[in-house]
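Remarks on the structure that follows.
Values quoted throughout were computed directly from the atomic coordinates according to the rules given, and no laboratory measurement underlies them. Keep in mind that what you see is a predicted model, and the values were worked out from it rather than measured. We place every Cβ from the backbone using ideal geometry, glycine too, and count neighbours over all the protein chains shown.
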Amino acid sequence: MDPHVFHYSYENQFDITHTADPQAPAEYPVHIHDRYEIYYFLSGDVTYFIEGQSYPLSRHDLLVINTGELHRPVFNSSRPYERITIHFRPEYISSFQQKDYNLLYCFERRKLGHQNRIDGSDIIESQADQYFYKIRKYATERVRESDLMIKTYFLQMLVALNRIFADKSTTTENTMAYDVKIVEILDYINNHLHEQITLDSLEEKFYVSKYYLCHLFKKNTGVTVGEYIAYKRILKAKELLIMGAPVLETCHTVGFRDYSNFYKTFRRLEGVSPREYKQ
């Protein structure tokens with residue numbers, strides 16, 4: 001059976017998708033966004049991996065995923081899989097940002113892969129789940145005020161999530177399974193993309209066998225060390241190209257030694273060349 005899918009999009013700045021799969025897919029690829037994501041889990045048997053951290057999910061759990069966080073769901077069985085996802089760009093809410101209040105607080109006030117999950121009990125208690133259904137109601141009806149009401153409810157959702165996050169982050173880290181060594185390595189890679197990073201250099205810096213490192217990295221992230229570095233470098237390259245940086249300068253800034261490798265990697269991951277993307 002085909003999945004049931006509902007989708008609404010607004011000017012390439014905001015979209016919401018409600019998907020119900022009668023049977024969970026065998027696997028789902030590792031992916032990365034240049035947008036913010038809110039993922040609301042409704043049913044299934046899923047462990048979600050984000051930047052090397054694993055989050056076993058229960059009904060009504062919610063994930064906040066920042067731009068640039070590598071993530072993937074792993075399906076522990078073929079049980080029906082239902083979720084609601086929201087992707088949005090910061091410009092969708094930029095006119096409502098205030099000097100003394102950051103609407104993106106729950107995304108930006110944490111390290112990569114940390115505190116991504118908000119417990120389902122907190123979502124229900126705060127009634128934050130109701131905003132998903134209110135947004136869907138107006139997205140379905142498509143009346144004159146739909147776009148305005150959708151943004152209004154989304155802003156209220158962000159405020160509710162920020163309140164939960166602020167309350168929880170000051171008391172305890174989300175319960176999650178992760179390897180401290182992987183966290184250190186991921187932090188290092190993300191802060192040194194412009195430098196040459198090899199398995200040998202990581203082995204020397206973190207005192208861990210590169211063969212064990214490869215096993216540990218793949219187990220925790222779903223990709224190899226080289227693939228992870230490529231994903232992150234291309235994501236950074238996209239940001240620079242959008243800001244107007246020259247293609248060749250971007251190539252060297254994000255850590256590629258030669259343009260040919262940059263071109264091939266960019267085209268493989270994005271489907272277009274760097275120059276085409278820049279246009």
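Structure data summary
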{"item": "Helix-derived mean residue ellipticity, 222 nm - over the chain, DSSP H n ≥ 4, -39500 (n - 2.57), to 500", "result": "-13500 deg cm²/dmol"}
{"item": "At R0 = 51 Å, FRET efficiency that the Cβ-Cβ distance of E141 and N76 yields, to 0.05", "result": "0.90"}
{"item": "Among the listed pairs K111/K218; K99/K134; K99/K168; K134/K232; K111/K181; K232/K278, those beyond 25 Å (Cα-Cα)", "result": "K99/K134; K134/K232"}
{"item": "5 angstrom amide H check on S54, placed H, neighbours 5+ away", "result": "A177"}
{"item": "Amide proton proximity set for V46, modelled H, under 5 Å, gap of 5+", "result": "L57, N76"}
{"item": "Distance in nm between pseudo-label sites at R163 and E91 (7 Å out along the Cβ direction from Cα)", "result": "3.1 nm"}
{"item": "Residue-by-residue Karplus 3J(HN,Hα) for the stretch 267-279, coefficients 6.51, -1.76, 1.60, Hz, glycine and proline x", "result": "5, 5, 8, 10, x, 9, 7, x, 5, 5, 5, 5, 5"}
{"item": "Acute angle (nearest 10 degrees) that the helix 210-221 long axis makes with the longest principal axis of the chain, alpha-carbon atoms", "result": "10 degrees"}
{"item": "Potential extension, S121-S54 segment - 0.36 nm per residue separation minus Cα distance", "result": "22.2 nm"}
{"item": "Cα centre as origin, Lys/Arg/Asp/Glu Cβ charges: the stretch 82-167 dipole, Debye", "result": "240 debye"}
